[in-house]
Amino acid sequence: MKAQPLLPALLALACAAPAAAQLRASALSVGGRVLAARPVGDRGEGLDAGTGFGIDAGYELRPGLTLYAGFSRVVFRVRGAAEAADRVDSGADAGVLLARSAGGVPLWLRGGLALHEAETHLASAGGDGLDDGRSAVGLEGGAGVAIRLGRRLVLLPGVAYAAYPPGGSGGVTQLRAELGARLGP
């Protein structure tokens, strides 16, 4: 009778072994993006358009389906401030990147979570923040075209949108044009 609890454990181990063998280094990728962002909604009031960057690492679960995690940062100029000031939106991003073809056009779609903080930086303080920011979890999504430049290099121009809960602090809700590149499978 003592063998009965052991049988499910052995079955689970037998099923997990092939899954662990599927993890492969060739499925890893790295990516980078340059961003031009326009703040929208209440959080964008008083801010000019901004620029920034994003970096991430991904793991391709299967062809066309990649999990990613990374960091992004966008700097917006504060309009009408008494002294030069920027609103800096930065933090971690994680989600899913899908690559599909529609009518022969290779497309990408991205969706996930963004844990960002928006903080004001004054030029007179050497770029230091005023510590007025708080982190907030938001949603991000994007779409674009995938242009293969080589066996492992893909150019990813597109548009994206990041939104944060209304009424709280955290990241700046924004619409972005982005140009990205990914090196990987």
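So which residues in the range 24-49 are in contact (Cβ under 8 Å) with a residue 40 or more places away in the chain, closer than 18 Å to G138 by Cβ and outside any helix (DSSP H, G or I)? Those that are in contact (Cβ under 8 Å) with a residue 40 or more places away in the chain, closer than 18 Å to G138 by Cβ and outside any helix (DSSP H, G or I): R33, L35, A37, R38, P39, V40, G41, L47.
Being out of contact with any Ser or Thr (no Cβ under 9 Å at 6 or more places or on another chain) and open to solvent by 20 Å² or more (accessible area, probe 1.4 Å) narrows it down to one of G95, G103, G50, so name that one.
G103
When D56, D89 are checked against the criterion of being within 11 Å of the chain's Cα centre (by Cα), in a strand (DSSP E or B) and buried (at least 20 other Cβ atoms within 10 Å of the Cβ), D56 stands alone in meeting it. Evaluating R33 against the criteria (1) open to solvent by less than 60 Å² (accessible area, probe 1.4 Å); (2) modelled with pLDDT under 95 leaves one unmet condition, (2).
Summed over the range 70-86, the residues that are open to solvent by 70 Å² or more (accessible area, probe 1.4 Å), assigned to a loop (DSSP other than H, G, I, E, B) and either farther than 9 Å from G46 by Cβ or basic (K, R) (or both) give a count of 3.
The values are calculated or read from the model by the stated rules, or taken from the named source; none is laboratory data. Keep in mind that what you see is a predicted model, and the values were worked out from it rather than measured. Glycine also receives a Cβ, built like all others from the backbone with ideal geometry; neighbour counts cover every protein chain displayed. Just so you know, the surface numbers come from the protein's heavy atoms only, side chains and all, with ligands and any DNA or RNA stripped out. Shrake-Rupley method; radii C 1.70, N 1.55, O 1.52, S 1.80 Å.
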